[in-house]
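The block underneath contains the structure these notes are about, expressed in structure tokens.
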Amino acid sequence: MNRFLILTICTCGLFAQQRAVPPRFRSPEVSPDGRITVCFLAPQANEVKLHGEWMAAGENAPLEKGGNGIWSVTVGPVKPEYYYYSLIVDGVTVIDPKNPALFQGVQDPLSMVSVPGPEADFFAWKDVPHGSVHVHWYQSKAVGKGRRIHVYTPPAYEKHTKSKYPVLYLLHGSGDTDREWVEVGKANLILDNLIAGGKATPMIIVMPDGHAVDPNSADPSARRQNTAKFEEDLLGDVMPLVESTYRVASGSHNRALAGLSMGGGQTLAIGLTHPGRFSFLGVFSAGVGFGSSPEAAKQQFEERYATALTAPEKLNKQTLLFWIGIGKADTGLPSAKLLDQTLTQHNVKHEFHVSDGAHQWWVWRHYLADFAPLLFRKAS
């Protein structure tokens, strides 16, 4: 028995000595001038390419294979921002396995890389007072199952136990989850920096899960069903939970609702059908929606929100800010312009901003940084 045990140990030791040790390397690496180097170990691969958010659609950068089986490429310099990227290995898209920073959502994950610099300073980590991000689970009566929200409380929330705060309900886009506004959007750091600079009112930010219906459903009506079900969840479950759990200031002038893409559409649906519930509306990269033609989309929008559009004086009085933003390279720009025109025709007061960028997270980070300082300062 002892001889067998000794033989087994020696054999395992020999196997360990013969096993190849993979080469050590880091990926990604960002140089001071904004160049990004990505490496990937794939000795048997025939082709490896890189696609980054800073590139045009369909653009890729080929990696070169080294003698140790490590593929690498250096690109840039790249404008300072927080970008997603992926690798295409023999036609298959994969994440960078050396990089723990991920954009996960409910679809295939992507790797993330931060390029520091002045343009990204507004969401950079700084030595300022920081708020907290809470992960809060609840049982949704609307959806009939357990769901989750992320809640940001501003610096000193725990210390100032008698203070009450206004609330921004911040919605994500299709394919995202309630964590993306923190993990990718950097909402907590943006607000920390704005508050520290005296540029924004200390506020609570509630980031709910906008997918009340399975986002991978093949049902073409799922999006419409999701908007209705999410509205029920937000108004009937999330808001009562927040107002009973956190120190929330009362009154619509202390409530804001904003969202990107799908969340922008949800903001329109909830804000225009429940006027007076939120005094501040932010629509990022969304418009009137889509129909068989622009005219049909406009007509459907007007029919859907006829009550609000036919009483603009009431809506204008109840809404202190109606802010709309869209990137000039966003494919949804025509729909957003049509939204602007429709609201103008119905005498609904609003702001319409066209910025650089497309349908991208770096655009939405900037929108939040522009929108948040305008909130709750007009409250009386």
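Readers should treat all values here as calculations from the given coordinates under stated rules, not as data from a laboratory. This is a predicted model, so every value here is computed, not measured. Heads up, the Cβs are rebuilt from the backbone with ideal geometry, glycines too, and the neighbour counts pull from every protein chain shown.
Taking Lys and Arg as +1 and Asp and Glu as -1, the other residues whose beta-carbon sits under 11 Å from that of Ala249 total +2. Karplus-based coupling profile of the stretch 234-243, in residue order and whole Hz: 5, 6, x, 10, 5, 5, x, 4, 5, 6, with θ = phi - 60° in 6.51 cos²θ - 1.76 cosθ + 1.60 and x standing for Gly or Pro. Remark: for residue pairs Lys229/Lys337; Lys65/Lys98; Lys317/Lys337; Lys314/Lys349; Lys126/Lys328; Lys145/Lys229, the C-alpha separation exceeds 19 Å in Lys229/Lys337; Lys317/Lys337; Lys126/Lys328. Per-residue Cβ neighbour counts within 10 Å put Ile204, Ile326 in the sequence Ile204, Ile326, beginning with the fewest. Give the cross-link partners of Lys162 among the lysines, using a straight C-alpha distance below 25 Å as the criterion and excluding same-chain residues fewer than 8 apart. The qualifying lysines are Lys199, Lys378. Mean residue ellipticity, 222 nm, helices only, the chain: the sum of -39500 (n - 2.57) across DSSP H runs of n ≥ 4, divided by residue count and rounded to 500, is -8500 deg cm²/dmol. Taking other Cβ atoms within 10 Å as a rough exposure proxy, Arg148, Arg255, Arg26 sort from fewest to most as Arg26, Arg148, Arg255. In plain terms, the residue of Asp209, Asp33 with the fewest other Cβ atoms within 10 Å comes first and the most crowded comes last, giving Asp33, Asp209.
Based only on Cα atoms, what mean projected area does the convex hull of the stretch 18-116 have, in nm²?
7.2
Multiplying each eigenvalue of the alpha-carbon gyration tensor of the stretch 245-380 by 5 and taking the square root yields semi-axes of 23, 19, 12 Å, largest first, rounded to whole angstroms. Normalised Debye scattering of the stretch 50-162 at q = 0.20 Å⁻¹ gives log10 I(q)/I(0) of -1.17, counting only Cα atoms as equal scatterers and leaving out solvent. Electrostatic tally near Trp137: other residues with Cβ closer than 14 Å to its Cβ, Lys and Arg +1, Asp and Glu -1, net 0. Bridges between two residues of the chain, per DSSP, are antiparallel at a rate of about 60%. Residues whose amide H falls under 5 Å from that of Leu171, counting only those 5 or more places apart or on a different chain, are Ala258, Gly259, Leu260, with hydrogens built in the peptide plane.
When Lys and Arg each count +1 and Asp and Glu each count -1, what net charge do the other residues less than 13 Å away from Tyr367, Cβ to Cβ, add up to?
Summing Lys and Arg as +1 and Asp and Glu as -1 gives -2.
If you average 1/r across every pair of different Cα atoms in the chain and take the reciprocal, what Kirkwood value do you get, in Å? For the chain, inverting the mean 1/r across all distinct Cα pairs yields 23.0 Å. Packing around the peptides 231-237, 175-181, taken as the average count of other Cβ atoms within 10 Å per residue, puts them in this order, highest first: 175-181, 231-237.
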